[in-house]
1. D451 versus N110, label points 7 Å from Cα toward the beta carbon: distance in nm?
2. Write down the accessible area per residue of the stretch 386-429 in Å², having rolled a 1.4 Å probe over the full set of protein chains.
3. Going 7 Å from the Cα of I231 in the Cα-to-Cβ direction, what parts of the stretch 241-278 have a backbone nitrogen less than 13 Å from that spot?
4. When only DSSP loop residues count, what chymotrypsin sites (Phe, Trp or Tyr not before Pro) in the stretch 399-467 have their Cβ near at most 13 other Cβ atoms within 10 Å?
5. With labels modelled as points extended 7 Å from the Cα through the Cβ direction, what inter-label distance (nm, one decimal) is found for L156 paired with I119?
6. Checking the a/c ratio against 1.5 first, then a/b against b/c, what shape does the Cα gyration tensor give for the stretch 142-211?
7. Normalising by the residue count of the stretch 14-137, find the relative contact order in percent from Cα pairs under 8 Å and 6+ residues apart.
8. Read phi for every residue in the stretch 16-21 and hand back ³J(HN,Hα) as whole Hz from Karplus 6.51 cos²θ - 1.76 cosθ + 1.60, θ = phi - 60°, with x for Gly and Pro.
Amino acid sequence: MLFNKKIYIDRRNELKKLVGNGIIIMFGNNDSPCNFPNNGYYPFRQDSSFLYYFGLNRNGLVGVIDIDNDIETLIGDNIDIDDIVWYGSVDSVHDMAEETGISNSAPMKNLKTICNNAIASKRKIHYLPPYRYDIKIQLFNLLGIHPNQQKMEASLPLIQAVVKMRSTKTAGEIEELERAAVIGYKMHTTAMRLTKPGITEKFIGGHVDGTANSYGAMVSFPTIFSQHGEIMHGNPSMNILEAGRLVLCDAGAETINNYCSDNTRTYPVNGKYSQRQLEIYSIVEGCHDLTLKLAKPGVKYWDVHFSICKYMTERLKELGLMKGDTNEAVAAGAHAMFLPHGLGHMMGMDVHDMESLDQIYVGFDEETRPNLEQFGTNCLRMGRRLQEGFVVTDEPGIYFIPALIDDWKASGHCKEFINFDKLETYKDFGGIRIEDDVLITKDGCRFLGKDRIPYHPKDVEAFMANN
């Protein structure tokens, strides 16, 4: 367990107060085999909310919190001798319950009885939206709710309580996020050192993943490393790195205690930016640094996002790629030609923190609602007012996506704000993103991590030349 027993007890007590009544069933995860049952190729990853409230990193567990009777029970089966032979001994479910401050434990078969009694008594059963199919089937067997209906039937009071608690990071959590940032630094500087013409994207990506695995639990998401930076999730391919091109590396670490980092850097394969690359890069760099000035408690991240969009539009107008009134262009969504995603997202134990609970509850609230209609704006993951203790990403980018250029040009979409003739000459450019993890402090914000991954052009070039 990462924290002491009292922290988990206090968290569960606060959860009871916020939810109010009924029974909470919180599922841990099960093993997920690769291509046959005994090939555990996929590393076990516990559910983050289960970790947050119970701190136990073993598969096949369920936490039951009876709010009305103030009874907590850890459900799970003890492993048998056959498993011990192959995987070694682990604590009994009873011992794990005591470790996290729970006095009751029971085998998995008892969970059905608990649910049946609650249903018979017409008591509210709270559960979080399931995202794994084995848990969906288990929920179906327990509550009779079809998997297609389970997200809709999930408990809104429980979702809101979990979001409220997990959004603000404690000092202990921030320490763990700092450790993740240290591993992230090692991952990205490893990639920068190895990048040169003639080797494959896959080679670099493998070293990035290996660095995460050697210092922590795993990568916090599948590593993105590609000369096609205009592809948002361009996983490493067998393509050879070519001089004169940019490579985008978006990668993060997950510590052994399951807290995450998420950074992106874009740099030249041959270690030297061209003038055209610098012109675009400097705009993204400016957006990234402006975020650090604007983000502070009480400010909507929605407003920070659109301040960045207006700054970007002004700079792109100077290059002749955009035109017209800046405010009108941003209101029309013309900037989304270049930035089709949001400025950032919450981060913590999940790299997109709590995304399984639905982004409308995590990144938005009653005051700040998403715009799901406008292209680009519909991809904002975070819009609500910032609070001290939030951890968000700062990740502006500029992308030149040939298919999107062709689509908008053919339809005339935003033609009064975009210079399509000039844009045609950038179809081979790729994309640039700069991303860092930011802690909202009392008066502003700061980077997470002891050392800064180089991102100012002169620093990047100097680092690549000397390594």
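1. 5.0
2. Details: 1830 Å² over 44 residues.
That works out to 42 Å² per residue.
3. So the set is 248.
4. Working: sites: Y399, F400, W408, F417, F420, Y426, F429, F447, Y455, F463; in loops: F400, F417, Y426, F429, Y455.
Loop-located and lightly packed - none at all.
5. According to this spin-label approximation, the distance is 2.4 nm.
6. Details: a/c = 4.93, a/b = 1.87, b/c = 2.64.
Cα axes put the stretch 142-211 in the oblate bin.
7. Values: 175 pairs, mean separation 32.9, N = 124.
The value is 27 percent.
8. Each residue's phi maps through the Karplus curve to give 4, 4, 6, 7, x, 7 Hz.
The values are calculated or read from the model by the stated rules, or taken from the named source; none is laboratory data. The structure presented is a predicted model; accordingly, all values stated were derived computationally and were not measured. Neighbour counts run over all protein chains shown; Cβ positions are idealised from the backbone, glycine included. Ligands, DNA and RNA are excluded from the accessible area calculation, which covers all protein heavy atoms including side chains. Shrake-Rupley method; radii C 1.70, N 1.55, O 1.52, S 1.80 Å.
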